[in-house]
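The values are calculated or read from the model by the stated rules, or taken from the named source; none is laboratory data. Keep in mind it's a predicted model, so treat the numbers as computed, not measured. Cβ placement follows ideal geometry from the backbone for every residue including glycine, while neighbour counts extend to all protein chains displayed. Side chains are part of the model used for accessible areas, which takes the heavy atoms of the whole protein and leaves out ligands, DNA and RNA. Shrake-Rupley method; radii C 1.70, N 1.55, O 1.52, S 1.80 Å.
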Amino acid sequence: MQERANSVKQGLAEGRLQLGLWCSLGSALATEVMAGSNCDWLLIDGEHSPNDLLSIMAQLQAVGGHPVEACVRLPEENATLIKQFMDAGARSLMIPNVRNAEQAKRIVAAARYAPEGFRGFSVGHRANQFGRIKEYHQNAHLNQMLILQIECEEGVRNASEIAAVDGVDVLFVGPGDLSTNMGAMHNAGADHVQQAIASVLEAAKTAGKAAGILAPLQADAERYIANGFTYVAVGADLGLVARGSDALIAHFKKD
Ligand SMILES: O=C(O)C(=O)C[C@H](O)[C@@H](O)CO
């Protein structure tokens, strides 16, 4: 048995837009519903959502039959969590709040087996189909994706060095945290925040890496895509359910 190729990694390498959706509800059923949308990737959130290793594994299992690449966001840079979630089958990982190249190198090393890194070895787990993918350990890095979030001014300043780290695949802007950390909470459209976002995009492009962002407002998503972001989440389960249900009831309850 061979590991299925990471189509999103291949698409990004060819410069093709990869459209994603954000899964925050912590529900395997809701994530499975999103997986059927024809999106290219899904983000299963382990930072701001009521998720843990078991609930995220259930979501990975729920989407396993769909042609979609699941990316798992960990709550923090943590080598033990990187090991556990990769063994559980999360081969695309998003790490929040990456601030410098040293941190990026630690994250890459935690995801790689020796001699490149120090990921703990286990002979069989969900990632290698319980020992059925014989060449998994030698080739795991080929289908891995590391998506590092740039969410503060230090990260923006160091974006070029972070992007240049071998093993980093995507610089991903967290517009909410970045704008908050730049004194513009709820206003990612502020000029100085937009300039910072543009500089992260430029840093990624210069290093030959992809740039990503979460943009649930259609006009924002269209603008970021036009500017060159290729790993773009264009909506979230939580927002779709909350705003959609609000609007539906408001329609029938309008005075
Ligand atoms: O900073 C951001 O924005 C993100 O990283 C995305 C949020 O954490 C996501 O949960 C939507 O609010």
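Overview of results
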| quantity | calculated |
| --- | --- |
| 3J(HN,Hα) from dihedral phi, the stretch 126-136, Karplus parametrisation 6.51/-1.76/1.60, rounded to Hz, x for glycine, proline | 5, 5, 10, 6, 6, x, 7, 8, 5, 9, 3 |
| Value of relative contact order over the stretch 1-123, rounded to a whole percent, pairs C-alpha under 8 Å and six or more apart | 18 |
| Stretch gain in nm, segment GLU102-GLU116, where the contour uses 0.36 nm per residue and the Cα spacing is subtracted | 3.5 nm |
| Rounded to 5, the percent of DSSP beta bridges in the chain classed as antiparallel | 0 |
| Phi to ³J(HN,Hα) by Karplus 6.51 cos²θ - 1.76 cosθ + 1.60 over the stretch 140-149, Hz, x for Gly, Pro | 3, 5, 5, 10, 7, 9, 10, 10, 9, 8 |
| Heavy-atom surface of the stretch 7-252, accessible at 1.4 Å and reported per residue (Å²) | 45 |
| Cα-based convex hull volume of the stretch 7-252 per residue, rounded to whole Å³ | 123 |
| Low-density loop positions, chymotrypsin sites (Phe, Trp or Tyr not before Pro), the stretch 71-135 - DSSP coil, at most 16 other Cβ in 10 Å | TYR113, PHE118, PHE121, PHE130 |
| Centre separation in Å (Cα based) which lies between the stretch 68-140 and the stretch 196-238 | 24 |
| The chain - percent of accessible surface contributed by carbon and sulfur, probe 1.4 Å | 55 |
| Sparse-neighbourhood loop sites, trypsin sites (Lys or Arg not before Pro) in the stretch 1-61 - DSSP loop, at most 15 other Cβ within 10 angstrom | ARG4, ARG16 |
| Percent of alpha-carbon pairs separated by more than 18 Å within the stretch 42-96 | 19 |
| Sites matching trypsin sites (Lys or Arg not before Pro) across the stretch 109-196 that sit in DSSP coil, with at most 15 neighbouring C-beta atoms within 10 Å | ARG132, LYS134 |
| Computed [θ] at 222 nm, deg cm²/dmol, the chain (DSSP H ≥ 4; -39,500 (n - 2.57); rounded to nearest 500) | -13000 deg cm²/dmol |
| For the chain, with +1 on Lys and Arg beta carbons and -1 on Asp and Glu, the positive-most of LEU74, GLN59, GLN129 along the dipole | GLN129 |
| Longest exposed-site-free window of the chain, the sites being GluC sites (Glu not before Pro) in a DSSP loop that have at most 13 other C-beta atoms within 10 Å | 136-255 |
| Relative contact order (%) - criterion: Cα under 8 Å, at least six apart; region: the chain | 19 |
